[in-house]
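The values are calculated or read from the model by the stated rules, or taken from the named source; none is laboratory data. This structure is a prediction, so every number in the text was calculated from the model and none was measured. Neighbour counts run over all protein chains shown; Cβ positions are idealised from the backbone, glycine included. Heads up: the accessible areas ignore ligands, DNA and RNA and are worked out on the full protein's heavy atoms, side chains in. Shrake-Rupley method; radii C 1.70, N 1.55, O 1.52, S 1.80 Å.
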Amino acid sequence: MNGKIEIKTTTKEDIETLMNIRLEMLRIVNCMKDGENFSEELIQSARKYFLNGEQTTVLALDNEKAIGCASISYITIMPTFDHPNGKRAHLMNVYTNKAYRKRGIATKMIQILIDEAKKKGCTEITLDATDMGRPLYKKVGFSENREGMNLQLR
């Protein structure tokens, strides 16, 4: 830990680093054991999405070691009164390695993604928060609501 953390927007050249930190995050969030494997479908779908999807992802790096990541996905829905252009975004996969937490890294990553969503004309950003993440999201301006419902198709 040298104290100089770089946060960068990913490109196709970052795919291996991005996949490694994403799988690290999924392993921790899902309480997986070190030897447990991810499905090939998940790995290939994530790789394809990061290479071709409508998203922006940032990496936090200590030297060249990935220590955090965050993504925002863009969607366009039918325009509404509150969202006249129909452009929205969903923030997800905000993760900082435990050794680097409480240093403002996640806040910086989120702010970069909020700024990017604004540039793209998005009128709303949604997210699904863990209990641990709620204070961070509130700090950067998100509010809680009870509007959401979903239907699992799988």
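Brief remarks on what is shown
Conditions (1) of a type outside the set (F, W, Y); (2) buried (at least 16 other Cβ atoms within 10 Å of the Cβ); (3) in contact with a helix residue (DSSP H, G or I) (Cβ under 6 Å, 6 or more places away or on another chain), marked per residue:
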{"position": "S71", "(1), (2), (3)": "yes, yes, no"}
{"position": "M78", "(1), (2), (3)": "yes, no, no"}
{"position": "R88", "(1), (2), (3)": "yes, yes, no"}
{"position": "K119", "(1), (2), (3)": "yes, no, no"}
{"position": "I125", "(1), (2), (3)": "yes, yes, yes"}
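- Flag for A66 being part of a strand (DSSP E or B), open to solvent by less than 50 Å² (accessible area, probe 1.4 Å) and either on the phi > 0 side of the Ramachandran plot or not hydroxyl-bearing (S, T, Y) (or both): yes
- Residue in the stretch 77-99 that is more than 17 Å from K12 (Cβ to Cβ) and assigned to a helix (DSSP H, G or I) present: yes
- Evaluated against (1) at pLDDT below 95; (2) within 24 Å of S143 (Cβ to Cβ); (3) surrounded by 14 or more Cβ atoms within 10 Å (Cβ to Cβ), D82 falls short on exactly one condition, (3).
- Taking the criterion of being assigned to a helix (DSSP H, G or I) and either open to solvent by 90 Å² or more (accessible area, probe 1.4 Å) or closer than 16 Å to M92 by Cβ (or both), the residues of the stretch 34-43 that qualify are E40, E41, L42.
- Remark: pairs (first residue in the stretch 90-104, more than 13 Å from M25 (Cα to Cα) and surrounded by 22 or more Cβ atoms within 10 Å (Cβ to Cβ); second residue among the β-branched types (V, I, T) and modelled with pLDDT under 95; Cβ separation under 9 Å; 6+ apart in sequence or on different chains) = L91/I125; L91/T126.
- Number of residues in the stretch 125-154 that are farther than 17 Å from R88 by Cα, modelled with pLDDT of 90 or more and in a loop (DSSP other than H, G, I, E, B): the value is 1.
- Extreme residue, nearest to L18 (Cα to Cα), among residues of the stretch 45-57 that are open to solvent by 90 Å² or more (accessible area, probe 1.4 Å) and part of a helix (DSSP H, G or I): K48
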